[in-house]
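This report concerns only the one structure given below.
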Amino acid sequence: MELRHYKFNRITLDPDKCFGKPCIRGLRMPVALILSCLSSGMTITLVLSLLLLFTGACSPKVALVTPTVVPTPVNTSTPEPTVTEIVAPASVPTSSLFLKSPQVFEPVATFQVGLGDLDGDGDLDAVFANMGSHSQVWLNDGAGSFTDAQQSLTQQGHGVGIGDLDGDGDLDLLIACASLDGSHRPSVVYLNDGKANFSAGQNLEDRSLSANSVDLIDINGDGHLDACVQYYELPYRVYLNDGKGTFNEGDIAFLEDMELAWGDLDSDGDVDVFAKELGKGYKALLNDGTGRFKDHWQMPDSTVDYGYRSVALGDIDSDGDLDAFVTNGSREAGYSTLALLNDGSGGFTDNGQNLPAVIKAWVELGDLNGDKQLDVFMAIIRQPHQVWINDGKGHFSDSALRLEGDSGTRGCTLGDLDKDGDLDIFVASFFGGSNAVWFNQTK
């Protein structure tokens with residue numbers, strides 16, 4: 001049996017984001033005390049819990065909770081996973097534990113990771129939109145281990161959309177390309193042969209522009225996936241699909257100072273837009289079913305900042321319509337974080353919860369603790385990533401879980417990577433680190 005020794009340098013309680021409850025700042029626990037408790041058979045989680053109990057801390061956020069795992073020498077070639085332990089407030093219904101995959105990806109400046117079953121074998125494969133090298137396809141073995149398919153897709157990839165673009169039943173790609181050091185490349189469509197072999201199709205003739213992200217949605221109601229591409233300091237452009245994977249630029253335009261999130265906000269069967277306007281506030285624009293959008297609702301907020309995927313849409317209060325979870329933050333400062341509840345017609349109301357501000361974050365909604373409610377995962381630039389737990393009514397509590405990140409963190413994607421029935425996390429690193437998979441151990 002292998003012995004493990006957990007080594008902590010310090011444990012710090014951070015009171016800044018405890019949802020208004022008092023906490024203790026700067027608490028330190030000596031290494032000797034930890035070792036003494038462990039030698040008596042106590043678990044790490046129990047040691048921390050007792051410490052918090054006796055100090056009276058309330059809903060603490062543990063800033064340095066990730067232990068360094070130092071195994072005794074064993075004859076094995078399989079690397080040990082990094083372990084992140086949860087120390088959660090008692091009121092938070094979670095016992096989730098995420099394990100970092102032992103697989104190490106070569107750093108390739110990935111802005112976004114897209115997930116989909118590319119080879120038709122029933123598991124989620126990955127596409128890396130890489131700026132620093134060719135974009136890549138990685139095939140999943142079903143257990144969450146990925147193999148490079150050795151396909152060199154376009155360079156300067158910044159965003160990726162995955163969907164059936166030519167109507168043949170498999171998943172194709174559209175990779176949005178950004179400018180880099182004076183080099184310009186067009187965004188490119190890749191068509192799948194059904195076995196994850198991709199051939200380059202049309203480019204979007206946007207070589208002179210610099211694309212940041214792409215969404216694939218049926219904008220005009222013809223049953224085909226269209227593309228909405230966000231460009232750097234330029235208006236969004238909409239490209240309409242003819243159903244065979246060929247795109248023509250439409251006459252639908254959105255302002256460059258907006259960030260868009262797509263979803264059926266009024267439950268009429270077409271895709272609408274939730275928009276953030278820089279320094280102004282929020283809007284809901286409703287689709288008439290043919291791709292014509294009309295302002296329906298707005299809410300002022302002078303602190304609005306925008307980025308990439310800082311808004312996530314989902315039914316957070318369990319009433320059957322799409323609500324909005326919104327963050328606002330720059331690289332240096334965090335502003336308003338809001339849970340906006342939909343009235344069913346595309347009008348939104350702040351639920352009134354005083355949520356902590358975060359700096360620039362990529363936000364995803366998904367059930368992370370197995371209670372069938374949509375929780376929040378935030379990949380935060382230059383900070384550990386966070387999980388907030390939903391009570392089912394759209395009120396969120398910080399789980400205290402922190403997943404290690406790096407200074408270059410950008411996109412994140414949720415999906416069941418190891419086919420065990422819960423949502424895992426794939427995080428992209430744009431610079432300074434490697435892409436990472438975190439396995440959810442809830443099931």
Quick one: if you stick a label point 7 Å off each Cα along the C-beta vector at Asp288 and Thr349, how many nm between them?
-> 3.0
Could you order peptides 101-109, 421-429 by the average number of other Cβ atoms within 10 Å of their residues, highest first?
-> 421-429, 101-109
Just report the Cα centroid separation between the stretch 356-411 and the stretch 229-264, whole Å.
-> 28
Averaged over all directions, how much area does the convex hull of the C-alpha atoms of the stretch 116-169 cover when projected, in nm²?
-> 4.0
Neighbours of Gly142 by Cβ distance under 10 Å: Lys/Arg at +1, Asp/Glu at -1, summed charge -3
Heavy-atom accessible area of the stretch 101-151 with neighbours in place, 1.4 angstrom probe: carbon+sulfur share in percent works out to 52
Estimated vicinal HN-Hα couplings, Hz - the stretch 435-443 in sequence order (Karplus 6.51, -1.76, 1.60; Gly, Pro = x) | 4, 9, 10, 10, 8, 7, 9, 4, 5
Using a Förster distance of 22 angstrom, determine the FRET efficiency expected from the C-beta separation of His134 and Leu234, and round it to 0.05.
-> 0.30
Arg331 versus Asp181, label points 7 Å from Cα toward the beta carbon: distance in nm?
-> 1.8
Provide the packing ranking of 171-178, 115-122, 251-258, 383-390, i.e. peptides ordered by the mean count of other C-beta atoms within 10 Å per residue, highest first.
-> 171-178, 383-390, 115-122, 251-258
May I ask you to evaluate 6.51 cos²θ - 1.76 cosθ + 1.60, the Karplus curve with θ = phi - 60°, for each residue of the stretch 351-362 and list the ³J(HN,Hα) values in order in whole Hz, giving x for glycine and proline?
-> 6, x, 6, 7, 8, x, 7, 10, 6, 3, 9, 9
Return the loop-located trypsin sites (Lys or Arg not before Pro) in the stretch 305-382 (DSSP other than H, G, I, E, B) with at most 13 other Cβ atoms within 10 Å of their own Cβ; answer none if there are none.
-> Arg331, Lys372
List the residues of the stretch 215-238 whose backbone N lies under 19 Å from a point placed 7 Å from the Cα of Glu205 along the Cα-to-Cβ direction.
-> 226-231, 235-238
Compute the FRET efficiency between Thr147 and Leu99 as 1/(1 + (r/R0)^6), taking r as their Cβ-Cβ distance and R0 = 22 Å, and round to the nearest 0.05.
-> 0.65
Mind listing the phi-derived Karplus ³J(HN,Hα) values for the stretch 149-164, rounded to whole Hz, using 6.51, -1.76 and 1.60 with θ = phi - 60°, and x for any glycine or proline?
-> 7, 6, 10, 8, 7, 4, 7, 6, x, 10, x, 9, x, 10, x, 7
Quick note, the stretch 324-443: a/c under 1.5 would make it rounded; otherwise a/b > b/c is prolate and the rest oblate (a ≥ b ≥ c, C-alpha gyration tensor); here it is oblate
Length gained when the stretch Asp319-Lys393 is fully extended (0.36 nm per residue, less Cα-Cα span) | 25.8 nm
Sequence of Thr246, Thr290 from largest to smallest accessible area, 1.4 Å probe = Thr290, Thr246
For peptides 347-354, 413-420, 205-212, sequence by mean Cβ density within 10 Å, most packed first | 413-420, 205-212, 347-354
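The values are calculated or read from the model by the stated rules, or taken from the named source; none is laboratory data. Being a predicted model, the structure only gives us computed values, none of them experimental. Virtual Cβ from ideal backbone geometry, glycine too; neighbours counted across all protein chains shown. Accessible surface areas use protein heavy atoms only, side chains included; no ligands, DNA or RNA. Shrake-Rupley method; radii C 1.70, N 1.55, O 1.52, S 1.80 Å.
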